[in-house]
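What follows is a set of notes on a single structure, which appears directly below.
The values are calculated or read from the model by the stated rules, or taken from the named source; none is laboratory data. Computed from a predicted structure; not experimentally measured. Don't worry about glycine lacking a Cβ; one is built from the backbone with ideal geometry, like all the others, and counts go over all protein chains shown. Please note that ligands, DNA and RNA were not included when accessible areas were found on the heavy atoms of the full protein model with its side chains. Shrake-Rupley method; radii C 1.70, N 1.55, O 1.52, S 1.80 Å.
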Amino acid sequence: EAEVAQSPRYKITEKSQAVAFWCDPISGHATLYWYRQILGQGPELLVQFQDESVVDDSQLPKDRFSAERLKGVDSTLKIQPAELGDSAMYLCASSLNIAGQGHYEQYFGPGTRLTVT
Amino acid sequence: KNQVEQSPQSLIILEGKNCTLQCNYTVSPFSNLRWYKQDTGRGPVSLTIMTFSENTKSNGRYTATLDADTKQSSLHITASQLSDSASYICVVSEKTGGFKTIFGAGTRLFVKA
């Protein structure tokens, strides 16, 4: 069964350093999402791509966070510089965006657990 | 503001017992509601998805109900197993152009032997 791949699974970094996460969605899925999940809370959308275009980045802290999906397939989320409050699980999800249908089932990857010290 | 509220925040039950988790939402216009199971340290996995016209949906020992009039949903787990210990997240999608999704904070379920 196809899965969303993420790497690394765990990352420990010092504050003020740069960190990057990678996501490979399920083949053929046009929509890709990056979420941040703080322990004990639900995921919070950071950015949503439709193919290579950003369709929603309203909750992305753009002074330090950036995301790209250059060829409309895999994606990278970067934080520079990292802050202590960025410690969280970063989840990537993808969906098969079928026009006219509302069943945008999202399939999640295993996540990257980031700890900023 | 569109919101999804889940209760209880956490729950402890004995193995073999049943339990029901609640989800209330204010999302409008409504598109669909999904329940996810998230094991510790893993990504969420979909359990059920329901549209406006669906009242109930089952997936093995998991049964979800939806009352679109009162904007309430529940997830009933029958004959709980130790492996049911996880967070259960209610997710509601808006019926806008991008079908924006709103996540609840989840209910943390602990099943004890």
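All of A:L96, A:L84 fail the test of being within 10 Å of A:T31 (Cα to Cα), touching a residue at least 40 places away in the same chain (Cβ under 8 Å) and open to solvent by 50 Å² or more (accessible area, probe 1.4 Å), apart from A:L96.
Only one of B:T101, B:T40, B:T63, B:T48 is among the β-branched types (V, I, T) and either at pLDDT 95 or above or in contact with a His (Cβ under 9 Å, 6 or more places away or on another chain) (or both). Can you tell me which? Talk me through it step by step, then tell me what you get.
Numbers: B:T101 fails: either at pLDDT 95 or above or in contact with a His (Cβ under 9 Å, 6 or more places away or on another chain) (or both); B:T40 fails: either at pLDDT 95 or above or in contact with a His (Cβ under 9 Å, 6 or more places away or on another chain) (or both); B:T48 fails: either at pLDDT 95 or above or in contact with a His (Cβ under 9 Å, 6 or more places away or on another chain) (or both).
The conditions single out B:T63.
Looking at the stretch A:32-81, the strands (runs of 3 or more DSSP E) lying wholly inside it that each contain 1 or more residues that are open to solvent by 30 Å² or more (accessible area, probe 1.4 Å), farther than 20 Å from B:K100 by Cα and not basic (K, R) sit at A:65-68, A:75-79.
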